[in-house]
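Values in this text are rule-based calculations from the coordinates and carry no lab data. For clarity, every value in this text was computed on a predicted model and none was experimentally measured. All Cβ positions, glycine included, derive from the backbone under ideal geometry; neighbour counts span all protein chains shown.
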């Protein structure tokens, strides 16, 4: 292959990788912008909404984001979850679950989250479907804890989705 063809091939492969998995170094978990809409989408998919609370420059948050939550967003396990990141100290605007505009910091206060990383599993009304997962992967068991919470959230969601009043 000539140099220009190899270069074009490399550029094409890079573009395909970025399209499939996001830019290298990208967080992999979208920031919360409209939790009300996200919760409706999750409900239609019969999935919990995962709220990922972080702190800037938190090494544990980066590990949880990259190794555990980004694969859920991509659907690596066969199911694509809706995960939204909320900066506990952030002033970014977002619509809360009730549709009202607020900031990331106010969302954390409203949901009584004080530590990052914290992952909450909620339904469209904000009801917790499983206990929050607080802290990072210090013992190498984070994946198991996350799977356990997801299974519990799915079970709880299935109980309430059988109730006709809870359906969309």
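Apply 1/(1 + (r/R0)^6) to the Cβ-Cβ distance of residue 34 and residue 63, taking R0 = 35 Å, and write down the FRET efficiency to the nearest 0.05. Mind showing how you got there, number by number?
Working: r = 27 Å, r/R0 = 0.77.
After rounding, the FRET efficiency stands at 0.85.
Can you report the principal axis dimensions of segment 27-166 using only the alpha carbons, biggest first, rounded to whole angstrom?
44, 34, 24
Could you work out how much longer the chain between residue 102 and residue 155 gets when fully extended? Use 0.36 nm per residue separation minus the Cα distance between them, nm to one decimal. Present the calculation step by step, with values, prior to reporting the outcome.
Numbers: separation 53, 0.36 × 53 = 19.08 nm, distance 3.04 nm.
Value of the extension gain: 16.0 nm.
By how many nm would the segment from residue 138 to residue 114 lengthen if fully extended, with 0.36 nm per residue of separation less the alpha-carbon distance? Kindly include the intermediate steps, with their values, before the conclusion.
Numbers: separation 24, 0.36 × 24 = 8.64 nm, distance 1.87 nm.
Net length gain for the segment: 6.8 nm.
Sort 63-71, 118-126, 152-160, 137-145 by the packing proxy (mean of other Cβ within 10 Å over each peptide's residues), most packed first.
118-126, 63-71, 152-160, 137-145
If you rank 62, 100 by fewest surrounding Cβ atoms within 10 Å, what's the result?
100, 62
In whole Å and largest first, what semi-axes does the C-alpha gyration tensor of segment 44-115 yield when each eigenvalue is scaled by 5 and square-rooted?
Ellipsoid semi-axes (Å, largest first): 22, 17, 8.
For segment 137-151 and segment 85-104, compute the distance between their C-alpha centroids and round to whole Å.
26
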